[in-house]
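Some notes on the structure that comes next.
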Amino acid sequence: MKIQSLLKEPFVHFLVLGGLVFGAFSLWGASRDGIDHNVVVTSADVARLEALWQTQYSRAPTGEELSAIIDNHIKEEVLYREAMALGLADDDIIVRRRLVQKFLFLSEDLIPIAEPGEEVLTDYYEAHRDRYLVSPQTSFRHVYLSAEKRGEMARADAVLLIARLQKGDDNWRELGDPFMLQREYAARKETEIAELFGSGFAGALQDVEEGEWTGPVRSAYGWHGVKILDRALQTLPPLAEIRNEVIADYSGEQRQNANQAFYQAVRDRYTVSIERDAESINRSAAQ
């Protein structure tokens, strides 16, 4: 039989593939020195697996389901040990970050943050008043005239329409051109208005007097007749109204400080050396 024909035989393919697999497992086995092949599933492990199942499915597992859960746990443990023995976690940025994250979670469990007392909370609130200020808010209605539809006549048409509105036309919702957004807004911050109509429109509203139709005011869409219904000045809510928010901010800050202190304590146990070549040092100095 010719060599070319022999290479096409499925049986030859099987032998070659089998040899490769055998070689891989031989290398694999040689690299697993020191692996612990004794897997012990404790009663605590079983209780934890049952509890996880019950949390997810709101019922206890059946005997068959529990056996499957335990088998899956054993499978995971065996494959995890084999993967670690092969060094598959080495230089894996995802695994590295996940382990760091788990370590930080562990540190948070070891360092509980107590809820602040009334005096501490009040002092924190007073020291961070600017954080809790509520921005000025504007309530307004508007009638829209499309720059795209009316072209150069859009502004002039807006002037005529505003004059009509100033005479007391109560049918304002039916006037002007169709508009894809709302025709009336309640208690909107300047930044929110800018997101909807553009910063020029939002800024111009701050100079419009309350209670009368005025304009025309230009937006990203065209021209508008505008009526300011109400303005709420910048205010600081009392602590009682935002107590939970202030507690969350205080606790978050304390957690951040505790995490940093914990890391520093661990970091101080290490000696760190940073090797840098001359080119890197010169590049840093030039910046």
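What the table shows:
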{"read-out": "Odd one out for Asp169 among (1) assigned to a loop (DSSP other than H, G, I, E, B); (2) without any contact (Cβ under 8 Å) to a residue 12 or more places away in the chain; (3) loosely packed, with under 12 Cβ neighbours inside 10 Å", "value": "(3)"}
{"read-out": "Selection count where residues are in a loop (DSSP other than H, G, I, E, B) and surrounded by 15 or more Cβ atoms within 10 Å (Cβ to Cβ), scope segment 196-237", "value": "4"}
{"read-out": "Any pair with Cβ under 6 angstrom, 6 or more apart, that starts in segment 43-64 at a residue that is at negative phi and ends at one that is acidic (Asp, Glu) and assigned to a helix (DSSP H, G or I)", "value": "none"}
{"read-out": "Filter result for Ile247 (modelled with pLDDT of 90 or more, under 20 Å from Arg173 (Cα atoms) and either surrounded by 13 or more Cβ atoms within 10 Å (Cβ to Cβ) or of a type in the set (Lys, Arg) (or both))", "value": "no"}
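Residues are listed down the side, and each one gets a yes or a no for (1) within 21 Å of Leu233 (Cβ to Cβ); (2) of a type outside the set (Asp, Glu); (3) in the same structural domain as Thr214 (by TED's automatic domain parsing); (4) surrounded by 15 or more Cβ atoms within 10 Å (Cβ to Cβ):
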site: Asp157; (1), (2), (3), (4): no, no, yes, yes
site: Arg173; (1), (2), (3), (4): no, yes, yes, no
site: Phe179; (1), (2), (3), (4): no, yes, yes, yes
site: Ala186; (1), (2), (3), (4): yes, yes, yes, no
site: Ala194; (1), (2), (3), (4): yes, yes, yes, yes
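The values are calculated or read from the model by the stated rules, or taken from the named source; none is laboratory data. Note that the structure is predicted; figures quoted are calculated from it, not measured. Heads up, the Cβs are rebuilt from the backbone with ideal geometry, glycines too, and the neighbour counts pull from every protein chain shown.
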